[in-house]
Amino acid sequence: MLNRVKLHFLALSVFGESSRHLATVLLSVLVIFILSSVLFISSSIKYTVTTALENEADMTVQRVRGGMLAQVPLSWEKDIVNIRGIDSVSPRVWGRYFTKPKGKSFLIIGVDFLDSNANKALSKIVGSTDLKKFLNAHNMLVSAKVKSWMKKRFYTDSYSFLSADGEFIKMNIYATLPKNSDLLSNDVIIMPIDDARKILGIKEGYVTDFVLNVPNDAQKVFIEDKLSSLHFDIRVVSKKESLAAYDESFNFRNGFFLTLFMILLATFSLILYQRYTQSYSTQKRQIGIYRALGWSIKDILTLKFYEIVVIILGSYVTGVGLAYIFVYIANAPVLRDIFLGSGNFSPDVVLIPVIDFSALSSIFLLYAIPFVASVLIPVWKIAVSDPKEAML
Amino acid sequence: MSPIVEIEGLKRFYNTPAERVEVLKGINLSIERGETLILKGVSGSGKTTLLSIIAGLDRPSEGKVLVEGEAIAKLPDNHLSHFRGRHIGMVFQHYNLIEHFSVKDNVSVPLVPMNLRYQKVGQRVEDAMKKANISHKSDMLAARLSGGEKQRCTIARAIVTNPEIVICDEPTANLDRENAIKFLDILKNLHNMGKTIIIATHDSIFESLNFSHTVVYMSDGEIEKSESIE
Ligand SMILES: Nc1ncnc2c1ncn2[C@@H]1O[C@H](COP(=O)(O)OP(=O)(O)O)[C@@H](O)[C@H]1O
Ligand SMILES: [Mg+2]
């Protein structure tokens, strides 16, 4: 193993020859930084989206008229409730409100004061805010991002929405929703159901959709069929489907990035290989000298191996560390836009630190193996030949 | 006492694509412990090849080579390296220093595989640098040394393991006259320490060597004659 003499020598070989290693280290750090950043962003987004979806209801019931989503009559509720195995059906009034002339859009969610379920969820979000007081006037809760957007346009304590009937409805900004890293609720505005109806143009007796839960997994397919046959214009979306849709889009991206990884790694190995074969004669001479001075092949391979280990670990830790800082502390400027698109409020999402150890270790292996091979194989080839070189 | 180096019927061929080159054509040589031997001969006469074989850096094609009674050509790598590290010190024509290491780190290279304590290594390096008269440059990078200083650094490195045999290949080829004379002084010290010294050279300066030594004349892979000088 390494005693103090060998450690000293190892340090000399790695840092004394920093000019030879510098380019390699910089290149390695860069490659690992890019790979880890991409990995960090994608695992963070994936985690956020899947947990958000997991918290959603099992099924959503919509209405399709002429191929388009249409408002759902409240009267459907009793038909739905009648199906056995269905739990907690709640009607929702919500819709996307597009600002004029163009640009951002908000997700308006109407809340029914009488709906105890919704109230519970809401008081969880709002916390100390007095619900009754909130719901009795034209008040709304906005996300931090929406609030800052409004503030920029000088809507500091209220905002006037142009309703479906063409009249302006002025809503007071009652409070800001707690800062949430949830990707899906970044552009949310919560308001009393009647105001939401007016703005979105949802008639009395109609809602946007129903959500419901099916506690027994085994019944899900059956219930979905049952629901679908209730009305000719009913449309049922299960959580499984939306998860699959998200997964698909992620798999697509992952496939894309996997290709990127491969190209990056192939280039990297090639550059490394070239670097180390270009220095072949220098290496050959140095190894010849060591052997002439009483080093065995094993001594030389051991030194070179530790040298590489130090370089690999050093660059890996640096690259991953920089990526962590870049993604989770600096919130990944530029790269985030590539992933999330620069539309609406999504780029302002806070990326929650999620560390995918298996992916990190595969990056390590994909990086370390070609590195070790491209360095140790030429060294070994030199070391086993007779060391007469030093004499010439 | 038996000779420290015994060579009988040593041949060395190289197979080039065109032909088989016979570089050493049957060398018989015996070197006594404490002897200083000067191998003379024109360039290409096979001196370096002979030294490489004695040092175990190259292998004979035919014949017997015993160093310290050991048939070194037959040793496996780890034993041969071990043997070389302990018994043979090398001084190369082109110094072969590691340019980005300091003098003292260069001198310590042969000690690294030996699993010695750090302090012990420091001591031995100090000692060798003193004997080779290079202590005053111990922290200077090898790249910054003058030719004579590089030479002395190489000598310190060659003797740091306290070997019985010191092998020098064209040691004065890259030195000016003044430094070459200094080198002869160091050789005398080594001789007085009882080292066996083998030098390949075609430099006439060795004619002014003022202690007893043997001169062996080589020509075209053969030993022509040898004479003892008192
Ligand atoms: N690996 C080799 N392959 C072919 N010929 C070689 C090889 N090494 C040395 N020689 C030849 O052996 C001869 C003797 O070389 P060398 O021992 O270096 O002589 P010297 O040191 O006396 O100048 C030279 O002609 C050289 O070209
Ligand atoms: Mg020569």
| Relative contact order of chain A, defined on C-alpha pairs under 8 angstrom at six or more residues apart (%) | 29 percent
| task | With a cut-off of at most 14 other beta carbons within 10 Å, and DSSP calling the residue loop, which chymotrypsin sites (Phe, Trp or Tyr not before Pro) in the stretch A:205-266 qualify? Please list them. | result | A:Phe232
| request: On the protein heavy atoms, probe 1.4 angstrom, tell me the percent of accessible surface of the stretch B:57-105 carried by carbon and sulfur. | output: 50 percent
| task | Return the distance in nm (one decimal) between the two label points of a simple spin-label model at B:Ile229 and B:Ser43, each offset 7 Å from Cα along Cα→Cβ. | result | 2.3 nm
| query | If the label point is 7 Å along Cα→Cβ of A:His8, which residues in the stretch A:265-294 have backbone nitrogen under 15 Å from it? | reply | none
| Qualifying GluC sites (Glu not before Pro) in the stretch B:1-73, DSSP loop, other Cβ atoms within 10 Å at most 10 | B:Glu19
| field | Accessible surface of chain A, 1.4 Å probe, proportion on carbon and sulfur as whole % | value | 61 percent
| message | If each DSSP helix of 4+ residues adds -39,500 (n - 2.57) and the sum is divided by the residues in chain A, what number results at 222 nm, nearest 500 deg cm²/dmol? | response | -18000 deg cm²/dmol
| note | Given the candidates A:Pro353, A:Val310, A:Met68, the one whose Cα lies deepest towards the positive end of the charge dipole of chain A, counting +1 at each Lys or Arg C-beta and -1 at each Asp or Glu C-beta, is A:Val310
| task | Work out, step by step, the length gained on full extension between A:Thr99 and A:Ile338: first 0.36 nm times the residue separation, then minus their alpha carbon distance; give nm to one decimal. | result | 83.6 nm
| For peptide B:111-117, how many partner chain Cβ atoms fall within 10 Å of a residue's Cβ, on average? | 6
| task | Identify, among B:His87, A:Gly294, A:Val14, the residue whose Cα sits farthest towards the positive end of the charge dipole of the protein assembly as shown, taking +1 on the Cβ of Lys and Arg and -1 on the Cβ of Asp and Glu, with the dipole about the Cα centre. | result | A:Val14
| request: Within 10 Å of each Cβ in peptide B:166-173, how many partner chain Cβ atoms are there on average? Round it to a whole number, please. | output: 1
| Electrostatic dipole magnitude of the stretch B:68-112 [Cβ: Lys, Arg +1; Asp, Glu -1; Cα centre; debye, to 20] | 60 debye
| Tally Lys/Arg at +1 and Asp/Glu at -1 over every other residue whose Cβ is under 15 Å from the Cβ of A:Arg65; what's the total? | +1
| remark: Low-density loop chymotrypsin sites (Phe, Trp or Tyr not before Pro), the stretch A:145-174, at most 14 other Cβ within 10 Å, DSSP non-H/G/I/E/B, are A:Phe154
| query | Which percent, to the nearest 5, of DSSP beta bridges fully inside the protein assembly as shown are antiparallel? | reply | 65 percent
| Where chain A is the region considered: accessible area per residue in Å², 1.4 Å probe | 51 Å²
| query | In deg cm²/dmol, rounded to 500, what helix-only [θ] at 222 nm does chain B give when every DSSP H run of at least 4 residues adds -39500 (n - 2.57) and the total is split over its residues? | reply | -9000 deg cm²/dmol
| note | Beyond 21 Å (Cα-Cα) in this structure, taken from A:Lys381/B:Lys150; A:Lys304/B:Lys120; B:Lys47/B:Lys225, we find A:Lys381/B:Lys150; A:Lys304/B:Lys120
| request: Return the value, in Å² to the nearest 100, of accessible area buried between chains B and A (probe 1.4 Å, both sides summed). | output: 2900 Å²
| Can you list the residues, at least 5 places off or on another chain, whose amide H is less than 5 Å from the amide H of A:Val93, using H built in the peptide plane? | A:Gly110, A:Thr208
| request: Would you please put A:4-10, B:206-212 in order of how densely packed they are, using the mean number of other Cβ atoms within 10 angstrom per residue and starting with the highest? | output: A:4-10, B:206-212
| Cα-centred dipole magnitude for chain A, charges only on beta-carbon of K, R (+1) and D, E (-1), debye, nearest 20 | 1220 debye
| task | For chain A, return all DSSP H helices satisfying: extent of Cα atoms along own axis at least 20 Å; mean Kyte-Doolittle hydropathy at least 0.0. | result | A:18-54, A:239-278, A:297-324, A:357-384
| By average C-beta atoms within 10 angstrom, highest first, the peptides A:265-273, A:380-388 | A:380-388, A:265-273
| Per-residue mean of C-beta atoms belonging to partner chains within 10 Å, peptide B:77-86 | 5
| What longest range of chain A stays clear of loop-exposed GluC sites (Glu not before Pro) (DSSP non-H/G/I/E/B, at most 15 other C-beta within 10 angstrom)? | A:205-392
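The values are calculated or read from the model by the stated rules, or taken from the named source; none is laboratory data. Small disclaimer: the values here were computed from a predicted structure and weren't measured. Glycine gets a Cβ as well: all are built from the backbone with ideal geometry, and neighbour counts include every protein chain shown. For the accessible areas, the whole protein counts, side chains as well, though only heavy atoms, and no ligand, DNA or RNA atoms are used. Shrake-Rupley method; radii C 1.70, N 1.55, O 1.52, S 1.80 Å.
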